[in-house]
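Right, one structure below, let's go through it.
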Number of protein chains: 2
Amino acid sequence: MYTLVIYDITDDKLRMKIAKACEEHGLSRVQKSAFLGRITPVMRKSLIDRLKRELGKERGNIQVYMIPDELVALKVSIGDELPGSGEVLII
Amino acid sequence: MYTLVIYDITDDKLRMKIAKACEEHGLSRVQKSAFLGRITPVMRKSLIDRLKRELGKERGNIQVYMIPDELVALKVSIGDELPGSGEVLII
């Protein structure tokens, strides 16, 4: 099972914290504000707890979806994934 | 089966076209750059074709995922969905 995290956050620092939390839980960036990875239910729960703590009462929205392996394999990606090279790391 | 579209597009006009294509295919906005909806395979294919045409050779990335109903029901949403009222329509 895969975990997909998408977020809609304006504050730069907070957005970086969310990205860091995703990376530290084994997800890989697939868009500027989207991370995907095949992680265990325990890691997913840990990530969700961390995301809740990080967002706290700040403005923004984070959504976490579970997607079966066989459907991730059917994902359609149009255009360039992660355009913009270096900026990817800080956005 | 649900269809989730997430996109990472800098150009305002193009981003609006992508949003319009999603809406016209029966999806609902769940974040500034994410649409979700329970649509038929035929509609999904039509949407993917339209998204490919709209993006063309422009810079950006669009990803289309299929997610089973029972997993969409388990989606975790942290914070406010669609913060910012009016701006939602134009972003």
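Considering only residues that are surrounded by 15 or more Cβ atoms within 10 Å (Cβ to Cβ) and among the hydroxyl-bearing types (S, T, Y), which ones fall in the range A:12-46?
Scanning the range A:12-46 gives A:S33, A:S46.
Output yes when any residue across the range B:78-87 is open to solvent by 20 Å² or more (accessible area, probe 1.4 Å), polar (S, T, N, Q), within 10 Å of chain A (Cβ to nearest Cβ) and part of a loop (DSSP other than H, G, I, E, B), and no when none is.
Scanning the range B:78-87, I find no residue that is open to solvent by 20 Å² or more (accessible area, probe 1.4 Å), polar (S, T, N, Q), within 10 Å of chain A (Cβ to nearest Cβ) and part of a loop (DSSP other than H, G, I, E, B), so the answer is no.
Taking the range A:47-74 as the search range and keeping residues that are surrounded by fewer than 15 Cβ atoms within 10 Å (Cβ to Cβ) and part of a helix (DSSP H, G or I), which one is nearest to the other protein chains (Cβ to nearest Cβ)?
Filtering the range A:47-74 for residues that are surrounded by fewer than 15 Cβ atoms within 10 Å (Cβ to Cβ) and part of a helix (DSSP H, G or I), the one nearest to the other protein chains (Cβ to nearest Cβ) comes out as A:K52.
Identify the single condition in (1) within 25 Å of A:E70 (Cβ to Cβ); (2) hydroxyl-bearing (S, T, Y); (3) within 10 Å of chain A (Cβ to nearest Cβ) that B:T10 does not satisfy, given that it satisfies every other one.
All conditions pass for B:T10, except number (1).
The values are calculated or read from the model by the stated rules, or taken from the named source; none is laboratory data. A quick note: this is a predicted structure, and the numbers were derived from the prediction, not measured. Ideal geometry is used to build each Cβ from the backbone, glycine not excepted, and the neighbour counts take in all protein chains shown. Side chains are part of the model used for accessible areas, which takes the heavy atoms of the whole protein and leaves out ligands, DNA and RNA. Shrake-Rupley method; radii C 1.70, N 1.55, O 1.52, S 1.80 Å.
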